[in-house]
Amino acid sequence: MTQPERFIGIDVAKASLEVAFGHDAQAPVERIPYTSEHVARLVERLQQLQPTLIVLEATGGLERPLMEALRQADLPVVRVQPQRVRALAKAERLDARLLARFGERIRPLATAAPDAPQQAMRDLLARRTQLLQMRTAERNRLQTAGPAVRQCIQAHLDWLDQALAEIERDIEERFNSMDDLPPQQKLLQSVPGIGKITAQTLLIRLPELQSQDRKAIAAFVGVAPMANQSGSKDRKRRIYGGRRDVRNVLYMATLSAIRCNPVIRAFYERLRQAGKPAKVALVAAMHKLLTILNAILRHKCPWNPALYASKT
């Protein structure tokens, strides 16, 4: 007999896991401590159940140990942004059953596990962002700091500058050791507005670039406008979800491209002249730039404005 499909939802908190062993209202839900011992027991149970898919909510990294344990056991697991799940049922509290129901209805592809070098690069890029944010905060404090604390803040700024220089050297060395990435970085940087950090972040944090179509890539990054409806009300479409770190670097790259990339500049200006608000035009330009980058990697062809100017 064919084994029935089973979708598991796991709501991850700092100290506990809420596990729904099915997606309907009668599915059992259990709360277990989030410890290595209990995770190991849960993995054994799930191996016996042979689920179709396990759905976890992205919770800022708390889900990572659980995902690694599930992947090592060759269990099909996907991490989804909570906004995507709430779009399925806005009136419901996001819980384990809703995660399981999302898996049953949407059927997202199981997440491929990054290899060790890729994971190290992701961690280093995330740490670089954290250091940049700390440096910006300290620079702002220094502007209004009194004499008693200025020396302390400056010492911390000096340390942050050194830490950033070290982590960027580490990123550069690791990146250059990956055979396929430096040529792809060169292709991306051929596009006016795309710098080294943007190219590296896209290649490490968006490995789907060049292997997925433009709609899927836009959804991964969170630059695809989503419907915002409630009953008979039809509000303005908006963007949300996706990979925030990727979206942040794409945002800065697009601001640069509007100044120095003739294709993106013409596209943005045409939208503004048509009466589109600046923010709407900017998001559309981000989407346009992302589509171009996807095509460049897919076709392994450097930037050629003639290929894209007629499509603006």
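The values are calculated or read from the model by the stated rules, or taken from the named source; none is laboratory data. Owing to the predicted nature of the structure, the values given are computational and were not obtained by experimental measurement. All Cβ positions, even for glycine, are placed from backbone atoms using ideal geometry, and neighbour counts span all protein chains on display.
Within the stretch 13-37, take every residue that is surrounded by 12 or more Cβ atoms within 10 Å (Cβ to Cβ) and of a type in the set (Asp, Glu) and give me the one that is nearest to the chain's Cα centre (by Cα). The qualifying residue nearest to the chain's Cα centre (by Cα) is GLU18. When the residues of the stretch 184-205 are filtered to those that are among the hydrophobic types (A, V, I, L, M, F, W, C) and crowded, with 22+ Cβ neighbours inside 10 Å, the one that is farthest from ILE171 (Cα to Cα) is VAL191. When ARG86, ARG101 are screened for being of a type in the set (D, E, K, R), touching a Gly at 6+ places or on another chain (Cβ under 9 Å) and modelled with pLDDT under 90, only ARG101 passes.
Scanning the stretch 39-65 for residues that are crowded, with 18+ Cβ neighbours inside 10 Å, out of contact with any helix residue (DSSP H, G or I) (no Cβ under 7 Å at 6 or more places or on another chain) and charged (D, E, K, R) gives a single hit, GLU63.
Table: residues versus (1) surrounded by 16 or more Cβ atoms within 10 Å (Cβ to Cβ); (2) of a type in the set (Gly, Ala, Ser); (3) touching a helix residue (DSSP H, G or I) at 6+ places or on another chain (Cβ under 6 Å).
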position: GLN130; (1), (2), (3): no, no, no
position: ALA137; (1), (2), (3): no, yes, no
position: ARG141; (1), (2), (3): no, no, yes
position: VAL149; (1), (2), (3): no, no, no
position: ALA155; (1), (2), (3): no, yes, no
position: GLU172; (1), (2), (3): no, no, no
position: SER177; (1), (2), (3): no, yes, no
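Criterion first (out of contact with any Asp or Glu (no Cβ under 9 Å at 6 or more places or on another chain), part of a helix (DSSP H, G or I) and surrounded by fewer than 20 Cβ atoms within 10 Å (Cβ to Cβ)) does VAL280 satisfy it? Taking the combined requirement at face value, the residue satisfies it.
If you go through the stretch 196-217 one residue at a time, do you hit one that is among the aliphatic types (A, V, I, L, M), farther than 22 Å from ALA116 by Cα and either touching a strand residue (DSSP E or B) at 6+ places or on another chain (Cβ under 9 Å) or part of a loop (DSSP other than H, G, I, E, B) (or both)? No, the stretch 196-217 contains no residue that is among the aliphatic types (A, V, I, L, M), farther than 22 Å from ALA116 by Cα and either touching a strand residue (DSSP E or B) at 6+ places or on another chain (Cβ under 9 Å) or part of a loop (DSSP other than H, G, I, E, B) (or both). One residue is enough: does the stretch 285-305 have a residue meeting the conditions part of a helix (DSSP H, G or I), within 18 Å of SER190 (Cβ to Cβ) and more than 26 Å from the chain's Cα centre (by Cα)? Yes, the stretch 285-305 contains at least one residue that is part of a helix (DSSP H, G or I), within 18 Å of SER190 (Cβ to Cβ) and more than 26 Å from the chain's Cα centre (by Cα). In the stretch 1-81, counting only strands (runs of 3 or more DSSP E) that sit wholly within it, the ones holding 3 or more residues that are hydrophobic (A, V, I, L, M, F, W, C) span 7-12, 16-20, 53-57, 77-80.
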